[in-house]
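Remarks on the structure that follows.
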Amino acid sequence: MKKTFLTILTVLLSSMGMQAQLSTNPYKFLGNITTSYNVDAGGGVPKYYTLWNQITCENESKWSSVEGTRGNFNWSGADRAFNYAKQHDFTYKFHALVWGAQYPGWLESLPASERFEALTNWFDHAKEKYNTLPMIDVVNEAVGMHQQGNPMMKETLGGGGKTGYDWLIKAFEMAYERWPDAILIYNDYNSIRWDLDNYITLVRTLRDAGAPIDAYGNQSHELSDISESELVNALKKQQDALKMPMFATELDIDVANDAKQKSQYQMVLPKMWEAPYCAGVTLWGYVVGHTWVGNSGLYKENGDERPAMTWIKEYMETDAAKNAVGPLPGTKKEASIYIRPSSLKVIKDQEMKIKVHARLATKTIAKVDFYVGDELVKTMTEAPYIVDYTPTVTGWNNTKAVVTATDDSTYERYGRFNVVSSKNRCEPYNETVPELPGSFNIIEYDKGVSGVNYYNATRSLTTALKDGQWMEYTVDVKEDGMYFFDATLASTKAGGMFHLAEYGLDNLSYLTEYVVVPKTGGSSVWKTLHGQLKMELTAGRHVFTLLIDKGGFYLKDIAFTRYEEGEGMSCRLKAFNGTYGVGDVIPVEMKATSKNSPISHVSVYANNIFVGTSTVDPYTVNFVPSEMGTYDITAIVTNEEGKVKLSASRKLDVTSPSPVSISAVKTDAVNAPAYYNLNGVKVDENYRGIVIVNGKKIMKR
């Protein structure tokens, strides 16, 4: 009777999910992925929870799988894995939050500014769905052209900027803002063999710039024929450079020969698993016929094990596997420590600032010790942990922050900054720093050294701006608040693009959306482009960075006015009626009121380009379109107190082409009328539109 009871109890416990997984190590997991969009593989293959204690969705959490149709989010596949992990009390990783592949197809048709909004919306919906996450592959495969969509994603997130990797820094900051307790991982392919150096450069730049990156992920797909010495040397080179936790995120051995697959696993897995900096290993599929490559499976569909799987089970029972130490006990992030220098490149003997961002999840910080090289520079016991430091040694300076908790446990973070020797000092262009409200001249960017406070810049208004160029401008903001900006620019063609950013000690802030430059009619035909900053400015000293995303245009200056909406004010555009053509004089009529202060003026904009100002009621400004297309017409009323009210926009469709000026009408050899422009050149006989002879419209053809 007792034996029967024990047998029944064992069966019940097994059916309830109480059977232990292969890994019993408290420092690291042995995980896997979903199989053909399911968690349990089915057939004769053992249940997932009897083998693995971590799960990653192979595809279900990727953006295209969730939001294939814009605005419609399908989380059912990701939920299956997330809820399964929760049910069986093991960890889950959100895979590929940002990736230059498997993004929704509709993304490519959007302009850059709308893509950024769409990506932000994607982050927000993921946060709303999963308020807490243990681990996230924040960015996947961003080295070079590992994915064809990388240039688009790079542009979407702000481009390379000052660091060369601003877009990735921004992605990690966006992730940290939403999931500060998640382990934030950069993940890539060919990171051990074919692109090792580029991979190290990318991850180390993110770390050195102070991005909230917690670990690096080696996909480990390329190890089927790697030698032991190459693997050991590559892992050591990575860790010596990065000094961060590492995950083997997508390990598989794609070998058809059973004996060779087993022998390769016997070499590779222990080298990964037993490394003290390894926080976990995720195998990328385990059922033959259901993995992304043909020969990486470990089980046949009937449940038969390949020899490599038999060995893995044996290895996980060894003391070496059970007792291997790791950097993240329980795969939980206790410490968030990021070292952010004022710039990655600084000038010798000129003071710089460095901020240590330190946060403990469950403990209290007692102190933060900051080192440059072996020198203890400062011990800090209260936040913010900011260091004023004057570098005296050129080249790369290594930094380290050691956070000590009140229970005497310690946590470390490493970083670097580069010191150059120069007689030039980083300082404002003029002794008098521009004040905002006010403006700065584009060629009067801060003095200093290329790569420190400007890059590829010239002090010329007659030289077109270039892709990737950037310049810094020191300004004094006199009053907190929201601000408009008005950029004076010229361009022979449409398609230029720039944005303003601020590289603070806390984060990388994009002050503007992408500003798209229109065709103005020539390199010296200056027009004013209006916009609004995305965030409030605080009073005090700021350093703005102008980043040229797509060059080929000219900028003269950028003016800033404080925006404060007035109570009792209104501004409404009257509807446009009729058909409009290029060159037509179109009255833009506005109804504007201000109860508390008289109206000073009403300004009109077409696609954010300043059109004109009216100071007398009824308020009317004439707009003369120069090209066919749809124009967004907006207006802003300003009262005598300087307060404003924005109108809603109205669409204006310009459908007729430009008039052609004709000097003469003649008859050609076949007695058909021929039209000649003022230079005596015959006009295209297929021309359709307004024909002007001596300044008068005479016909349409």
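The values are calculated or read from the model by the stated rules, or taken from the named source; none is laboratory data. Keep in mind that what you see is a predicted model, and the values were worked out from it rather than measured. Reconstructed Cβ throughout: ideal geometry from the backbone, glycine too, with neighbour counts over all protein chains shown. Note: accessible area is taken over every heavy atom of the protein model, side chains too, but ligands, DNA and RNA are not part of it. Shrake-Rupley method; radii C 1.70, N 1.55, O 1.52, S 1.80 Å.
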*Would you call Lys595 among the basic types (Lys, Arg) and within 30 Å of Leu508 (Cα to Cα)?*
no
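Let's see how each residue does on (1) in contact with a Leu (Cβ under 9 Å, 6 or more places away or on another chain); (2) of a type in the set (Lys, Arg); (3) crowded, with 24+ Cβ neighbours inside 10 Å; (4) at positive phi:
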| residue | (1), (2), (3), (4) |
| --- | --- |
| Pro111 | no, no, no, no |
| Ala118 | yes, no, no, no |
| Met135 | yes, no, yes, no |
| Val139 | yes, no, yes, no |
| Gln148 | no, no, no, no |
*Odd one out for Ile183, checked against (1) over 15 Å from Thr201 (Cα atoms); (2) surrounded by fewer than 23 Cβ atoms within 10 Å (Cβ to Cβ); (3) more than 8 Å from the chain's Cα centre (by Cα)*: (2)
*Checking Leu465 against (1) open to solvent by 30 Å² or more (accessible area, probe 1.4 Å); (2) in contact with a Leu (Cβ under 9 Å, 6 or more places away or on another chain); (3) of a type outside the set (Lys, Arg); (4) in contact (Cβ under 8 Å) with a residue 40 or more places away in the chain, which single condition isn't satisfied?*
(1)
*Quick one: in region 448-462, which of the residues that are hydrophobic (A, V, I, L, M, F, W, C) and touching a residue at least 24 places away in the same chain (Cβ under 8 Å) is farthest from Phe417 (Cα to Cα)?*
Leu461
*Look at Val287 and say whether it is in contact with a Gly (Cβ under 7 Å, 6 or more places away or on another chain), more than 30 Å from Asp407 (Cα to Cα) and at pLDDT 95 or above.*
yes
*If you go through region 294-308 one residue at a time, do you hit one that is in contact with a His (Cβ under 9 Å, 6 or more places away or on another chain) and crowded, with 17+ Cβ neighbours inside 10 Å?*
yes
_Options Val433, Val452, Val403; residue that is buried (at least 19 other Cβ atoms within 10 Å of the Cβ) and assigned to a loop (DSSP other than H, G, I, E, B)_ = Val452
*Could you pull out the residue among Ala383, Ala358 that is modelled with pLDDT of 95 or more, of a type in the set (A, V, I, L, M) and either part of a strand (DSSP E or B) or surrounded by 20 or more Cβ atoms within 10 Å (Cβ to Cβ) (or both)?*
Ala358
_Conditions first: (1) in a loop (DSSP other than H, G, I, E, B); (2) open to solvent by less than 50 Å² (accessible area, probe 1.4 Å); (3) touching a helix residue (DSSP H, G or I) at 6+ places or on another chain (Cβ under 8 Å). Gly280 passes all but one, so which condition is the exception?_
(1)
*Mind counting the residues in region 628-663 that are more than 23 Å from Phe484 (Cα to Cα) and touching a Pro at 6+ places or on another chain (Cβ under 9 Å)?*
3
*For region 406-430, what are the residues that are part of a strand (DSSP E or B) and not basic (Lys, Arg)?*
Thr410, Tyr411, Glu412, Tyr414, Gly415, Phe417, Asn418, Val419, Val420, Glu427
*strands (runs of 3 or more DSSP E) completely within region 515-574 that count 1 or more residues being touching an Asp or Glu at 6+ places or on another chain (Cβ under 8 Å), at pLDDT 95 or above and more than 30 Å from Asn596 (Cα to Cα)*: 540-550, 554-563
*Can Asp124 be described as surrounded by fewer than 20 Cβ atoms within 10 Å (Cβ to Cβ), among the acidic types (Asp, Glu) and under 18 Å from Leu184 (Cα atoms)?*
yes
*Qualifying residues in region 309-327 (those that are open to solvent by 20 Å² or more (accessible area, probe 1.4 Å) and not in a helix (DSSP H, G or I)) - the one nearest to Ala361 (Cα to Cα)*: Pro327
*Output yes when any residue across region 186-204 is open to solvent by 10 Å² or more (accessible area, probe 1.4 Å) and in contact with a strand residue (DSSP E or B) (Cβ under 7 Å, 6 or more places away or on another chain), and no when none is.*
no
*asked:* Quick check on this structure: which one of Ala259, Ala234 is small (Gly, Ala, Ser), modelled with pLDDT of 95 or more, assigned to a helix (DSSP H, G or I) and open to solvent by 10 Å² or more (accessible area, probe 1.4 Å)?
replied: Ala259
*Wholly within region 576-659, which strands (runs of 3 or more DSSP E) include no fewer than the required count, namely at least 3 residues that are more than 20 Å from Glu565 (Cα to Cα), free of Cβ contacts under 8 Å to residues at least 40 places away in the same chain and under 35 Å from the mean Cα position of the chain (by Cα)?*
629-639
*Among Thr492, Thr538, Thr528, which is open to solvent by 20 Å² or more (accessible area, probe 1.4 Å) and within 30 Å of Asp617 (Cα to Cα)?*
Thr528
*asked:* Which count do you get for residues in region 588-616 that are at pLDDT below 95 and of a type in the set (D, E, K, R)?
replied: 1
